[in-house]
Each structure stands twice: as structure tokens, then as C-alpha cells.
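For reference, the structure is listed below as C-alpha cells.
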Amino acid sequence: PRRRASLLKHFGGMVGLTSVGATIRHAVALGRVEADYSGAGGLVGKHYNGDVSDCYSGSSVNAKGEAGGLVGSLYAVSDIYRSYSTGAVSCEPTFAYSCGGLVGFVEGGSKVEDSYWDTETSGQPTSVRGTGRTTAEMRQQATYKNYNFYTLWQIDEGHGYPGFRNLSGYAVPQPVDLAGLPGTGTPADPYILSTPDELNA
């Protein structure tokens, strides 16, 4: 889908602006993002004090301010793990903002680890965070360090980018009250776990 903002300051293919402590996992954005006023990201426009992990964007991004293939701007302590972008990125950079293959602007101590952008399809040789790779490299599993290719990710080696496996056969995790588990959760008296849901909790 095409996403366009005229008066919004931050706009993304999935989320424009996150609230404090927001976590985004296992998300995909594909389409086109345009922001006439300021910045934009292929997945998230502005991410504030939270994590993005195991996500990707193929969205093209065009903005008047900062623009990033995955995230337009990171504020406070906002971290990105095991994520990538491949869409074209363009903007009108200023002294404060820039175009980035993966991330356009960072303020604060944000970390970006094991995250990549395609330097060829994005048209961006640089990014304030992340690691740039050629299209050929982005289509190799070896590029994606610490990605779970056993149960979450899959790739058609040499022909496509990584995508998510079909997880519809797995049951949705159920909430577990830790107070109801045997043990107290301390090293001397650990919880006794007997189901995947308890381990997840």
C-alpha cells in the first residue's frame, strides 16, 4: 500500500510514531512511503525508547527530512536487532537530518546490531547505523549473523531476500501467571517449567 503524509511529522510503512517502550517484532512493510513535511521510515517513522527486532522492509521511502529504509529516526534508547531493508530511499537532507539506507537519524545511545540494508536497491551508500551490503550479499544466508534460520527465517539462497517461515501451524502463546508455578524464580529455588508457554513467560 501507499502511505502519504502531508502534515504528520513522522510516517512509516507500518507505524508513524511509537510510544515510550514500544516493541516491534516479526513485522514486514512493503509498499511506498512519502512524507511531504519531515521524515519517514519504511517500517517506522520515529521510534522512541523501544526495540525493533526480526523485521524487514521493502518499502520505498521519500521524505523532506530524515528518511531511512527501515526507521526514519531513533530517539532516546531505541535499539534495532536482526532486521533489514531493501527499498529505495530518498530525501532532502539538511545539516541535522540525512537519508540512510537503514536509519536516517539517531539521537541518544541507540544500538543497531546484525541489521543490514541493500546499498544497490536503496540508492544509499551510507546510513547512520547498520551495515550496507550489495544485492548479491543480501541474498546469502551467511550475511545474516544471529538470525534464526531454523524456526523463524528462511531464504531462497542466491535468489531472494530472507522472509518469515509459515508459523500458522504453531499455537498462539498463552498467558501464564508466574505466581502459579512451582518455585520462586530465584537461583536457590528456580521456577519448574513444564510447557512452552511457561518457558515463554
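The values are calculated or read from the model by the stated rules, or taken from the named source; none is laboratory data. None of the values given here were measured: they were computed from a predicted structure. Counting neighbours? That spans all protein chains shown, and the Cβs are built from the backbone with ideal geometry, glycine included. Ligands, DNA and RNA are stripped out before the accessible areas are found, and what is left, the full protein with its side chains, is counted by its heavy atoms. Shrake-Rupley method; radii C 1.70, N 1.55, O 1.52, S 1.80 Å.
Residues that are free of Cβ contacts under 8 Å to residues at least 24 places away in the same chain and open to solvent by less than 10 Å² (accessible area, probe 1.4 Å): which strands (runs of 3 or more DSSP E) entirely in segment 44-91 hold 1 or more of them? Write out each step before concluding.
Values: elements: 44-48, 51-53, 60-63, 71-75, 79-81, 89-91.
Here the list is empty.
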Can you find, within segment 28-43, the residue that is surrounded by the fewest Cβ atoms within 10 Å (Cβ to Cβ) among those that are in a loop (DSSP other than H, G, I, E, B) and touching a Leu at 6+ places or on another chain (Cβ under 7 Å)? 37
List, please: which pairs have Cβ atoms under 9 Å, are six or more places apart or on different chains, and start with a residue in segment 144-155 that is under 15 Å from residue 167 (Cα atoms) and touching a residue at least 60 places away in the same chain (Cβ under 8 Å) and end with one that is open to solvent by 70 Å² or more (accessible area, probe 1.4 Å) and not in a loop (DSSP other than H, G, I, E, B)? 153/141
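Do we find that residue 116 is open to solvent by 30 Å² or more (accessible area, probe 1.4 Å), within 12 Å of the chain's Cα centre (by Cα) and at pLDDT 90 or above in this structure?
Working: open to solvent by 30 Å² or more (accessible area, probe 1.4 Å): no; within 12 Å of the chain's Cα centre (by Cα): yes; at pLDDT 90 or above: yes.
For residue 116, the condition - open to solvent by 30 Å² or more (accessible area, probe 1.4 Å), within 12 Å of the chain's Cα centre (by Cα) and at pLDDT 90 or above - is not met.
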Given the criteria part of a strand (DSSP E or B) and either more than 22 Å from residue 164 (Cα to Cα) or hydrophobic (A, V, I, L, M, F, W, C) (or both), does residue 21 qualify? no
I'm told residue 121 meets every condition in (1) outside any helix (DSSP H, G or I); (2) of a type outside the set (Asp, Glu); (3) open to solvent by less than 70 Å² (accessible area, probe 1.4 Å) except one. Can you identify the failing condition by its number? (1)
Just to be sure, is residue 186 of a type in the set (S, T, N, Q), out of contact with any Lys or Arg (no Cβ under 7 Å at 6 or more places or on another chain), modelled with pLDDT of 90 or more and over 30 Å from residue 116 (Cα atoms)? yes
Check segment 135-154 and report whether any residue there is among the acidic types (Asp, Glu), open to solvent by 50 Å² or more (accessible area, probe 1.4 Å), assigned to a loop (DSSP other than H, G, I, E, B) and modelled with pLDDT of 95 or more. no
